[in-house]
Amino acid sequence: MSTTLRVELIWDAEAKVWHFRVPALDINGGGNPTREAAQRACLDAIAFALEGDPADYDSEAITLSLDVSVVPAARDIGGTVVWLPRHRVRHIRVALGRGPTT
C-alpha cells in the first residue's frame, strides 16, 4: 500500500528564499536559496519526523520495522510524496491528535 503526502514549496519574493510545508505532518521550514535546496531540506525533515525519538518508544510494545521511502512522485504534480503503509499513516494521524482514518 502507498499514499501521497502533500508538500508545498513557497517562494518568498521579499526575502528571496524558498520555504516548505508538509501540512499533514505539521512540518514547516525554509530559508533555502534554491527550490532544489528547499526540496532536499523538506525530504530530510520528513525522514527525521518519521524516525521518531527512541525516548518515546514503549519498551513493552510488540514492534514492527517498516521500510519507508521518501521519493519524488512518479508523476509531476508539483509536489513530493512519501510512500508508506496505510496503517502507518493512521498511526501518525493518531499521534498528531487527528484520529484514525477509515
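The values are calculated or read from the model by the stated rules, or taken from the named source; none is laboratory data. As the structure is a prediction and not an experimental result, all values here were calculated from the model. Here the Cβ is made from the backbone with ideal geometry for all residues, glycine too, and neighbour counts use every protein chain on show. Heavy atoms of the whole protein, side chains included, go into the accessibility calculation; ligands, DNA and RNA do not. Shrake-Rupley method; radii C 1.70, N 1.55, O 1.52, S 1.80 Å.
Within segment 30-44, track down each residue that is more than 17 Å from residue 70 (Cα to Cα) and either among the small types (Gly, Ala, Ser) or without any contact (Cβ under 8 Å) to a residue 12 or more places away in the chain (or both). Within segment 30-44, 30, 31 qualify. Confirm whether residue 87 is in a helix (DSSP H, G or I), at pLDDT below 90 and open to solvent by 100 Å² or more (accessible area, probe 1.4 Å). For residue 87, the condition - in a helix (DSSP H, G or I), at pLDDT below 90 and open to solvent by 100 Å² or more (accessible area, probe 1.4 Å) - is not met.
Among the residues of segment 20-30, the ones that are open to solvent by less than 60 Å² (accessible area, probe 1.4 Å) and either of a type outside the set (A, V, I, L, M, F, W, C) or closer than 17 Å to residue 52 by Cα (or both) come to 7 in all.
This table checks each residue for (1) within 11 Å of residue 9 (Cα to Cα); (2) out of contact with any Lys or Arg (no Cβ under 8 Å at 6 or more places or on another chain).
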position: 26; (1), (2): no, yes
position: 37; (1), (2): yes, yes
position: 43; (1), (2): no, yes
position: 66; (1), (2): no, no
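Residues in segment 31-40 that are among the small types (Gly, Ala, Ser) and open to solvent by 40 Å² or more (accessible area, probe 1.4 Å): 31 only.
Of all residues in segment 36-56, those that are touching a helix residue (DSSP H, G or I) at 6+ places or on another chain (Cβ under 9 Å) and of a type in the set (Lys, Arg) total 0.
Could you list, in sequence order, the residues of segment 33-75 that are among the hydroxyl-bearing types (Ser, Thr, Tyr) and touching a Phe, Trp or Tyr at 6+ places or on another chain (Cβ under 9 Å)? Spell out how you get there, then give the answer.
Kept after step one, since they are among the hydroxyl-bearing types (Ser, Thr, Tyr), are these residues of segment 33-75: 34, 57, 59, 63, 65, 69.
Passing the criteria: 34, 63, 69.
Among the candidates 14, 51, single out the residue that is among the acidic types (Asp, Glu), at pLDDT 90 or above and open to solvent by 40 Å² or more (accessible area, probe 1.4 Å).
Details: 51 fails: at pLDDT 90 or above.
Answer to the check: 14.
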